[in-house]
There are 2 protein chains.
Amino acid sequence: MVQYRKTEETFAALGDPVRMATLERLGEGGASISELAEPAGMSLTGMKKHIRILEEANLVRTEKRGRTRWCEISSEGFDEAAFWLDEFRRRRHKQLNRLEEVIERKKREKRNEK
Amino acid sequence: MVQYRKTEETFAALGDPVRMATLERLGEGGASISELAEPAGMSLTGMKKHIRILEEANLVRTEKRGRTRWCEISSEGFDEAAFWLDEFRRRRHKQLNRLEEVIERKKREKRNEK
DNA sequence: CCGATACTGAACCATATAGTTCAGTATAGG
DNA sequence: CCTATACTGAACTATATGGTTCAGTATCGG
């Protein structure tokens, strides 16, 4: 599954403290690489790498404006990740309900045996 | 935030192909370590490590039954991750609406100037 | 045009991660 | 009790990751 591979990449991108904090910051509004690097106590180059990863995970969208690169949240990645989680939880609940039914049936059968 | 650190760990646990596949498998029902290791083409020890990571992320719960360790899905981690994503998306939509309002106001002001 | 600013890419380094093998330990079954 | 099974832990290896510095390139402001 192509979609599957993508979601895994998105989760991996989310699973880092610097990137998660950066996303929270970008949630407040767009920013340049320098503006993101400074509060993270990190070099420009370092932050650039994180942004690249977030971009490939569709969590951030960027564009060059003059000599600064403008970064902002992209919903896509968030939507994909949320979708996968919701699907998983939905399937699980269905599974659990089916299990419960089976148990109920067994109980009824046991009663009838007596 | 303690909760925050936890969620990041959960995303990191999800962000691996073997672990994601293992979760999908466990979604079908519980399994032993060997049963999980085999289809992943991996040693017992290797799978054990993944299970440990999934366990610490509250995505899997395990218990020892005789000489086999039984693994099954734990909803907690999934719930936490989904909660964080939903919160983030909710905040973002609110932010976008506020932005839209500001733009609308500017437009009105411009019209009044003419 | 000049200097400062903002990024970019390459090269490098240290540590973390994903996997292995090997040598146990504990339980299941005869 | 004996053997096979199922796991566990320690030690090790190779590669990926997160960070750096340094040497560009491109744009901004005067």
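Of the residues making up segment B:20-55, those that are in contact (Cβ under 8 Å) with a residue 12 or more places away in the chain and either touching a Gly at 6+ places or on another chain (Cβ under 9 Å) or among the hydroxyl-bearing types (Ser, Thr, Tyr) (or both) are B:22, B:32, B:34, B:40, B:54.
For residues that are free of Cβ contacts under 8 Å to residues at least 40 places away in the same chain and surrounded by 13 or more Cβ atoms within 10 Å (Cβ to Cβ), scanning just segment B:84-98, find the one that is farthest from DNA strand D (Cβ to nearest atom).
Restricting to residues being free of Cβ contacts under 8 Å to residues at least 40 places away in the same chain and surrounded by 13 or more Cβ atoms within 10 Å (Cβ to Cβ), the top hit is B:95.
Could you tell me which residue of segment B:19-38 is farthest from residue B:63 (Cα to Cα), considering only residues that are within 13 Å of DNA strand C (Cβ to nearest atom) and surrounded by fewer than 16 Cβ atoms within 10 Å (Cβ to Cβ)? Going through the qualifying residues, I end up with B:38. Note on segment B:20-46: residues that are farther than 19 Å from residue A:90 by Cα and either within 13 Å of DNA strand D (Cβ to nearest atom) or not small (Gly, Ala, Ser) (or both) amount to 15.
Against the test of being modelled with pLDDT of 95 or more and among the acidic types (Asp, Glu), the options B:104, B:38, B:109 yield a single qualifying residue, B:38.
Scanning segment B:47-80 for residues that are near DNA strand D (Cβ under 10 Å from one of its atoms) and over 21 Å from residue A:95 (Cα atoms) turns up B:47, B:48, B:49, B:51, B:52, B:64, B:65, B:66, B:67, B:68, B:69. Can you pull out the residues in segment A:60-76 that are at the interface with chain B (Cβ under 10 Å from one of its Cβ atoms) and either crowded, with 20+ Cβ neighbours inside 10 Å or over 12 Å from the mean Cα position of the chain (by Cα) (or both)? Within segment A:60-76, just A:73 meets the criteria.
Looking at residue A:6, is it open to solvent by 30 Å² or more (accessible area, probe 1.4 Å) and either over 15 Å from the mean Cα position of the chain (by Cα) or away from chain B (no Cβ under 14 Å) (or both)? Spelling it out, it is not the case that residue A:6 is open to solvent by 30 Å² or more (accessible area, probe 1.4 Å) and either over 15 Å from the mean Cα position of the chain (by Cα) or away from chain B (no Cβ under 14 Å) (or both). Scanning segment A:39-57 for residues that are surrounded by 20 or more Cβ atoms within 10 Å (Cβ to Cβ) and either within 14 Å of chain B (Cβ to nearest Cβ) or within 19 Å of residue A:75 (Cβ to Cβ) (or both) yields A:50, A:51, A:54, A:57.
The values are calculated or read from the model by the stated rules, or taken from the named source; none is laboratory data. Note that the coordinates shown come from a computational prediction; the quantities given were computed from them, not determined experimentally. Reconstructed Cβ throughout: ideal geometry from the backbone, glycine too, with neighbour counts over all protein chains shown. Ligands, DNA and RNA are excluded from the accessible area calculation, which covers all protein heavy atoms including side chains. Shrake-Rupley method; radii C 1.70, N 1.55, O 1.52, S 1.80 Å.
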